[in-house]
Amino acid sequence: MSDLHSYQPASGHGLKHDPFNAIIAPRPIGWISSCDAEGRVNLAPYSFFNAFNYTPPLIGFSSTTWKDTVANIQRTGEFVWNLVTMDLAQAMNATSATVPHDVDEFALGNLTKLDSKLVKPPRVAESPVSFECKLSEIVRLKGADGVEVDAWLTIGEVVMVHIDKRLIQDGVYQTAAARPIVRAGRRGDYFEIRPDAMFEMPRPA
């Protein structure tokens, strides 16, 4: 048997840095644009993000603490997810800054707002893929003991999809061609998904 480092999270991990979010990696980035009730725009990345259902298509992200993004979505019922690619890495990182509510993160990242079709929050024009979403539910998370924690899972139904046609070949979306980046843990570790790192493994019949 391997020599294991084992620990109970409630008692501490005993390492230089908590390995939890580095083990659950890589993770897609939830780059979420939203608007408040007055129409002011917010853009922020979330590393606890993923897809949860096919029909209807559901995506969601978890916010540790109640942030502007969650508050905006609760009030308006709408948001947009924007794909983060290698070309947009620095811009995405700029939008992660903690700034006052009235600061425009699109300006921080030198990004362009693009009108959505079915929801009010704008898309990131530079992003090759975006999902317009309607709020399904916001769930406050709990531990196994039933005690609520300061974390909020926001789930939305994808009602409109936008894909740069250059990423579609023979009717198939080319995941790696977009060169998306994904979160790898610690304070700032990421991976880039490249075509040479992909392989196919069909499911058993």
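The values are calculated or read from the model by the stated rules, or taken from the named source; none is laboratory data. These numbers come from a predicted model, not from an experiment. All Cβ positions, glycine included, derive from the backbone under ideal geometry; neighbour counts span all protein chains shown. We work out accessible area using only protein heavy atoms, side chains counted, and drop any ligands, DNA or RNA first. Shrake-Rupley method; radii C 1.70, N 1.55, O 1.52, S 1.80 Å.
Quick notes
- Projecting the Cα positions of Leu108, Ala10, Met201 onto the charge dipole of the chain (unit charges on Cβ atoms of Lys, Arg, Asp and Glu, taken about the Cα centre) puts Met201 furthest along the positive direction.
- Under 10 Å, Cβ to Cβ, from Pro26 - net charge with Lys/Arg +1 and Asp/Glu -1: 0
- Packing-based order for 78-87, 46-55, 126-135, using average beta carbon neighbours within 10 Å, highest first: 78-87, 126-135, 46-55
- Computed on the Cα trace of the chain, the radius of gyration divided by the Kirkwood hydrodynamic radius gives Rg/Rh = 0.98.
- The dipole here belongs to the range 26-196: it is taken about the Cα centre, uses +1 on the Cβ of Lys and Arg and -1 on the Cβ of Asp and Glu, and is about 200 debye.
- Rolling a 1.4 Å probe across the protein heavy atoms gives the range 26-196 an accessible surface of 53 Å² per residue.
- Charge tally around Ser116: other residues with Cβ under 12 Å, Lys/Arg +1 each, Asp/Glu -1 each, net +2.
- Charge dipole of the chain about the Cα centre (unit charges at C-beta), most positive-ward option of Gln90, Gly146, Ile24: Ile24
- The range 61-99 and the range 125-163: distance between their alpha carbon centers, rounded to Å: 11
- Tensor-based shape of the range 62-177 (alpha-carbon gyration tensor, a/c under 1.5 rounded, otherwise prolate or oblate): prolate
- Cβ-defined net charge surrounding Phe49, 14 Å radius [Lys, Arg +1; Asp, Glu -1]: +3
- Among the protein heavy atoms of the chain, carbon and sulfur supply 54% of the accessible surface, probe 1.4 Å, non-protein parts ignored.
- Computed over the chain: relative contact order in percent, which uses C-alpha pairs under 8 Å that are six or more apart: 23
- For the range 134-176, the relative contact order comes to 33 percent (Cα pairs under 8 Å, sequence separation of at least 6).
- For Thr64 and Val161, the difference between the fully extended length at 0.36 nm per residue and the C-alpha to C-alpha distance is 32.2 nm.
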